[in-house]
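Colleague: There's a structure below that I have some questions on.
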Amino acid sequence: MSDEKLVISTDGSQEEALRIATALIEAQLAACVNIVGPIESIYRWQGKVESAQEFLLLIKTTASRAAAVTARIRELHSYDLPEAIEVSIDGGSADYLSWIAESVR
């Protein structure tokens with residue numbers, strides 16, 4: 001098991017996704033952020049089923065910085081309840097995982 005994490009989030013616009021991704025990289029909270037989309041999200045919000053076009057952020061970071069990533073997403077995000085889900089990375093390319101650890105401070 002490695003120390004690296006994948007934090008998943010969504011944004012309502014490509015501009016906001018780019019702004020958050022850039023802020024995370026500049027602050028060295030993440031080594032890489034992939035922005036995927038647009039995607040269609042179906043969810044329940046305040047008792048109603050909703051649908052929205054969103055952009056998916058795949059944020060590569062470390063376990064020690066994942067909480068700071070989540071906090072920064074909350075600070076910068078326009079949603080009342082922004083998504084921030086941590087997923088443990090159980091394996092992968094050792095060189096790539098080392099690069100993540102070296103890129104995050």
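The values are calculated or read from the model by the stated rules, or taken from the named source; none is laboratory data. Predicted, not measured: the structure shown is a model, and the values here were computed from it. Note that we place each Cβ from the backbone using ideal geometry, even for glycine, and neighbour counts take in every protein chain shown. Quick note on the areas: whole protein, heavy atoms, side chains included, nothing else; ligands and nucleic acids left out. Shrake-Rupley method; radii C 1.70, N 1.55, O 1.52, S 1.80 Å.
Colleague: Can you tell which of ALA66, VAL7, SER93 lies farthest toward the positive end of the dipole of the chain, using +1 and -1 charges on the Cβ of basic and acidic side chains (Lys, Arg; Asp, Glu)?
Modeller: So the residue furthest toward the plus end is ALA66.
Colleague: I've got another one for you. Compute the accessible area per residue over the chain, keeping the other protein chains in place, probe 1.4 Å, unit Å². Working shown, then result.
Modeller: On the way: 6010 Å² over 105 residues.
That works out to 57 Å² for each residue.
Colleague: Hey, another quick one. For segment 8-53, what class follows from the C-alpha gyration tensor (a ≥ b ≥ c being the square roots of its eigenvalues): rounded when a/c is under 1.5, otherwise prolate if a/b is larger than b/c, else oblate?
Modeller: Since a/c reaches 1.5 and a/b is larger than b/c, the shape of segment 8-53 is classed as prolate.
Colleague: Taking only DSSP H segments of four or more residues, each worth -39500 (n - 2.57), what value at 222 nm results for the chain once the sum is divided by all its residues, to the nearest 500 deg cm²/dmol?
Modeller: That comes out to -10000 deg cm²/dmol.
Colleague: In segment 43-105, if every C-alpha pair distance is counted and binned at 10 Å from zero, what percent goes to each bin?
Modeller: 17, 41, 27, 13, 2
Colleague: According to a simple spin-label model (label point 7 Å from Cα along Cα-to-Cβ), what is the distance in nm between ASP80 and LYS48?
Modeller: Reported label-point gap for LYS48 and ASP80 is 1.1 nm.
Colleague: Report the GluC sites (Glu not before Pro) located in segment 1-104 that are in a DSSP loop and have at most 13 other Cβ atoms inside 10 Å of their Cβ, or state none.
Modeller: none
Colleague: Oh, and also: In whole percent, and with a 1.4 Å probe on the protein chains, what portion of the accessible area of the chain is carbon and sulfur?
Modeller: Of the solvent-accessible surface of the chain, carbon and sulfur hold 51 percent.
Colleague: Count the net charge of all other residues whose Cβ sits under 13 Å from the Cβ of GLN28, scoring Lys and Arg as +1 and Asp and Glu as -1.
Modeller: Local net charge: +2.
Colleague: So what are the three principal axis dimensions of the chain from its Cα atoms, in whole Å, longest to shortest?
Modeller: That works out to 43, 25, 22 Å along the principal axes.
Colleague: Under the 0.36 nm per residue contour assumption, what length would be gained going from the current alpha-carbon distance of ALA27 and ALA67 to full extension? Let's see the in-between values first.
Modeller: On the way: separation 40, 0.36 × 40 = 14.40 nm, distance 1.36 nm.
Residue separation times 0.36 nm, minus the Cα-Cα distance, leaves 13.0 nm.
Colleague: Would you mind telling me which residue in LEU81, LEU57, LEU24 has the biggest mean-square fluctuation in a Gaussian network model of the chain, where springs connect alpha carbons within a distance under 10 angstrom?
Modeller: With Cα springs under 10 Å in the chain, the top fluctuation among LEU81, LEU57, LEU24 is at LEU81.
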